[in-house]
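Notes follow once the structure below has been shown.
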Amino acid sequence: MSVDGKLAVRTVQKWWQGGRDAAYFLRSQTLERVERTADAGRYVYSDNQAFGKTQDCVDAKYKQELYTGVQAYGSDREDADAMKRLIVPFTETVEKSDACDRLAP
């Protein structure tokens with residue numbers, strides 16, 4: 001999403017190597033430190049970024065799982081709790097969407 005012609009929020013849904021946690025996925029998306037975790041590593045977040053791992057969104061053929069991300073840019077306001085409140089429902093919505101191929105392993 002852009003505000004005044006500048007990128008403000010970016011969301012991502014991406015198939016990535018299965019059997020890993022959200023911290024592994026985030027390394028492909030950012031160079032910044034993201035240290036807070038929730039739900040045993042399923043969610044990883046900071047003041048302006050958050051990443052998640054869907055449940056049961058598995059592509060058995062390619063051994064991949066679906067991961068999510070939300071990144072906020074260009075604001076002096078940073079709020080880790082708000083990022084966590086964004087990534088959890090975003091990931092849950094992706095799990096219920098057509099983006100989630102539920103292929104049995």
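Summary of computed values
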{"item": "From V12, V70, residue being touching a Gly at 6+ places or on another chain (Cβ under 7 Å) and at pLDDT 90 or above", "result": "V12"}
{"item": "Strands (runs of 3 or more DSSP E) (entirely within the range 1-101) containing at least 3 residues that are in contact with a Lys or Arg (Cβ under 8 Å, 6 or more places away or on another chain) and open to solvent by less than 50 Å² (accessible area, probe 1.4 Å)", "result": "43-45, 49-59, 64-72"}
{"item": "Any hit, the range 73-96, residues being over 17 Å from L26 (Cα atoms) and aromatic (F, W, Y)", "result": "no"}
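The values are calculated or read from the model by the stated rules, or taken from the named source; none is laboratory data. Model, not experiment: these values are computed from the prediction. Virtual Cβ from ideal backbone geometry, glycine too; neighbours counted across all protein chains shown. Calculation scope for accessible area: heavy atoms of the full protein, side chains included, ligands and nucleic acids excluded. Shrake-Rupley method; radii C 1.70, N 1.55, O 1.52, S 1.80 Å.
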